[in-house]
Each structure stands twice: as C-alpha cells, then as structure tokens.
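Comments concern the structure below.
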Amino acid sequence: MQTSRTIVSLAFAVTPLAAFAAEPAKSPVTVTKHPLEFIDTSFENASPVWYEFAPDGTVLVHLLYDHERSSPNRAAGHIHFQLHAKPGSRLTLEFRNLDNVWNDVSGSIARELKAVVVSEDGRAWKSVPLESLPENRVRLHVEMPGPRLYVARVEPYRLSDLDKFLAGIRTNRLVQVTAIGKTVQGRELEIVRVGNPQAPFRVFLRARAHAWEPGGNWVVEGLVHRLLKDDEEARKYLERYCVYILPMANKDAVALGRTRFNFQGKDLNRNWDKPADPQIVPENFALEKWLDGMVKAGRAPHLAMELHNDGRGLLHISRPPVPELSRHLERMATLEELLRQHTWFTEGSTKESFRNSGTLGEGWLERYGIDAVVHEFNCNWIAGLKDYPSAKHWQTYGEKLATVFHEYFGSVKL
C-alpha cells in the first residue's frame, strides 16, 4: 500500500550572530527594601504570571498567553493572584501582555480592563478601578490592609466552588447530576437536571467555556437555588419547564488559571458548525453526544443559552441562513424583552446581519434547529444597577431567569 507524504516548509528570518552580540542582555532592575515580598500563584485557579520591577518601583506583571491550535489566536486576560507585602504599604502594579489575537484579528483587552476586585480572604471582594495607560497597558494602585491580598479580574469561581454547589443540591429530589464525559486532563463533566424531565419545555445552559469568565457560574447558582425553593412560584415554574445545565465546560483551564482555550488549544465556543473531535475537544464531544441522545429521544432543548463575560454584555443573536429564521428572531426578540422586563439587563442585542459562526448559539441553531443564544455579562459595570459586577448581582440575575423562562415558554409559539 503506497503512502503519501506531506512536506511542510518552514521559513524563518535569520539574524546574524553579530546582531545578537551587539545587543547585550538587559540587567535586571535591582530593588532593595521593596514592600512587595512575593506574588503567589500556588493556589487553585491562580493565573500564571511573571513579574519584575521598574526603576520607579512599579511592579510589572506579565500575564501568560494561551494559544489556539492551528491559529494565530492567543489570549491573556485571566487575573487571579495573591500579593505578599508589608501591611499598610502602597503598591503600584502595571499589567502587561494584553495584546491578544481574537478571531484572527489583533487587538488588546486593555480597553476592556476597567476594574479588578481585591480580597483579604478570597471570599469577600470589592472593586478597585484601573488606570488606562498608553501602549495597551493598565495600572492598579492598592494599599495592603494586611500581609496578604488577593487580586482578581472578577470575583472568582473555582472547581471547589462547583463541587460545594453540586454537593449541596445532589440529594434534592428535583435534581439529577449525570456524568457525560471527561476533559482533556480527565476531569469529569456533568449535566445537572433540575425539574421533571416530562415537563412540556426544556431549557439548556452552559457556563465557563472560557476559563476566565466566571459570571455564568454565579448565574447558574442563582437560577438553581431559585428553582429549588419549593415555594408556590418555583412549583409553577417547574410545571412548565425543566432545566439542563453544563455548569463548567472548561474545567482544566479553570483549575490552572488559564484564559480561553482547552488543554488541546481549542476554543469550546467555536466549531459547533461540525462534529467535535473526541481527542482534541472531548469537552464538546461529550456535550454533543448528550445532545444527540436527547434529540433521538425526542427531548431536545427548546432554548439554549451560552453564558460568558466580556466588556460589553450583549445578547448575541446569530442570523445564519436557516429555515424559518424570521420566527427564530421573533422568539429571540421576546426573550430579550423579557430579560429587560424581569432582570437588570439593559445592554441590548447584536444588530441585523450579525453572524458568529461556530459558536454554540449559531451551531445549535444551524445543526439542530434549537433556538440558541450567547449571553455575555459585562465584567466591568452593570448599567441596569449602576454598580460593579459581583457574585451577588449575578446570582440575582439567575434567580430572575426563572421568571423569564416561565414567561418565555408561556408566550412564544414553538
């Protein structure tokens, strides 16, 4: 049997050795008696960074990039570390390596970085504004209240938080937790069902496809806790619909503080326009097989919502050339109106002709005929509340989604 060979040509720019000799290595800045002792990244969900000192004592924090497979795309935007410094000291931190590549287009997250959150114990957080600098940099000024201070881009949600959440609901008679597969590194993926599977309607939510974006996890917690209250309203909701949730899609990256891609370099919110590769993207393969089973059983979701964070907070409604697109758009307009009516959502949706090819929102609509959207939550500011984002605000949003879904299935024609 004859085999074929593919010859790959790699072209490199060759720099003469003399050129390197002409540029001596820079000497590190010597800093004595600096109040910062250490930036600790030894804990769960900490972001990998390296740091150095500027001559004026500013701590230059360099985020590390994730890289996408077979693509120029790269991402650095997860911030979560602990400062060890003298109590009462004032530190200035400057964040570097913010020049990302997204959808093959160069850009920077510096414009999206408006604030971070800080905490002494890693549980009670408060927002601190950032200062924008030229050349895609941002600066943070903090005063150490004690010897340790956590810094994060948004209020973190860790694997241990998910484990605690699942342990608290697993034995509830209205809940079923089902393993559907494993991540690249072997972490178990689960679907959480809340309610009666025989209910007339079904809604699906997925959170944390991108590891730096914890808002969706807090939203999911709020929704589930509201549905499990077992009061008259909750019983009314669950008579009409059942909820299925994949609460943390990108567990490997969450555990190790990465930003966007899985451990084989794939974006879990892309390539949904074709079957998933079980080796490269087992997280999506597991979800796809679960969905295929639901479809074959005649129990496909009637609505799917993919939950994310970014700097705008829009509802992304894709418009691929599918049959009855106008009816889909009518239903999504109803959903948007209900979000405005029952939650603090004010940011609006993407405009006419918007396409986001390969996302779960567009892919599930194209391949399965499921009404699906990508819902972003602004990581800097909640316009409807005139306040900074927090776990509490996102949980409240999830609680209100229970009403939104009830009204939605009571008003649209499917």
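Results, tabulated for the structure shown:
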{"read-out": "Residue 252 being at positive phi and either buried (at least 24 other Cβ atoms within 10 Å of the Cβ) or not in a strand (DSSP E or B) (or both)", "value": "no"}
{"read-out": "Scan of the range 385-396 for residues that are surrounded by fewer than 16 Cβ atoms within 10 Å (Cβ to Cβ) and over 14 Å from residue 157 (Cα atoms), ordered by number", "value": "385, 386, 387"}
{"read-out": "Subset of the range 78-92 (residues that are of a type in the set (A, V, I, L, M) and either touching an Asp or Glu at 6+ places or on another chain (Cβ under 6 Å) or crowded, with 22+ Cβ neighbours inside 10 Å (or both))", "value": "79, 83, 85"}
{"read-out": "Scan of the range 99-114 for residues that are in contact (Cβ under 8 Å) with a residue 40 or more places away in the chain, surrounded by 14 or more Cβ atoms within 10 Å (Cβ to Cβ) and either on the phi > 0 side of the Ramachandran plot or of a type outside the set (A, V, I, L, M) (or both), ordered by number", "value": "112, 114"}
{"read-out": "Candidate set from the range 363-406 (those that are of a type in the set (Phe, Trp, Tyr) and in a helix (DSSP H, G or I)); member that is farthest from residue 342 (Cα to Cα)", "value": "368"}
{"read-out": "Members of the range 115-158 that are farther than 19 Å from residue 39 by Cα and either of a type in the set (Ser, Thr, Tyr) or surrounded by fewer than 17 Cβ atoms within 10 Å (Cβ to Cβ) (or both)", "value": "124, 126, 127, 129, 131, 132, 133, 134, 135, 157"}
{"read-out": "Top-ranked residue in the range 166-186 [being free of Cβ contacts under 8 Å to residues at least 24 places away in the same chain and outside any strand (DSSP E or B); ranked as nearest to residue 221 (Cα to Cα)]", "value": "168"}
{"read-out": "Verdict on residue 75 being within 26 Å of residue 356 (Cα to Cα), surrounded by 12 or more Cβ atoms within 10 Å (Cβ to Cβ), touching a strand residue (DSSP E or B) at 6+ places or on another chain (Cβ under 7 Å) and at pLDDT 95 or above", "value": "yes"}
{"read-out": "Top-ranked residue of the range 264-284 - restricted to ones that are touching a Gly at 6+ places or on another chain (Cβ under 7 Å) and surrounded by 21 or more Cβ atoms within 10 Å (Cβ to Cβ), ranked as nearest to residue 307 (Cα to Cα)", "value": "270"}
{"read-out": "Counted residues, the range 217-252 - those being under 22 Å from residue 183 (Cβ atoms), of a type outside the set (Phe, Trp, Tyr) and in contact with a Phe, Trp or Tyr (Cβ under 7 Å, 6 or more places away or on another chain)", "value": "4"}
{"read-out": "Qualifying positions in the range 56-89 - part of a strand (DSSP E or B) and not hydrophobic (A, V, I, L, M, F, W, C)", "value": "62, 66, 67, 74, 80, 82, 84"}
{"read-out": "Of all residues in the range 187-241 being of a type in the set (Gly, Ala, Ser) and in a loop (DSSP other than H, G, I, E, B), the one that is surrounded by the fewest Cβ atoms within 10 Å (Cβ to Cβ)", "value": "199"}
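The values are calculated or read from the model by the stated rules, or taken from the named source; none is laboratory data. This one's a predicted model, so the numbers in the text were calculated from it and none came from an experiment. Reconstructed Cβ throughout: ideal geometry from the backbone, glycine too, with neighbour counts over all protein chains shown.
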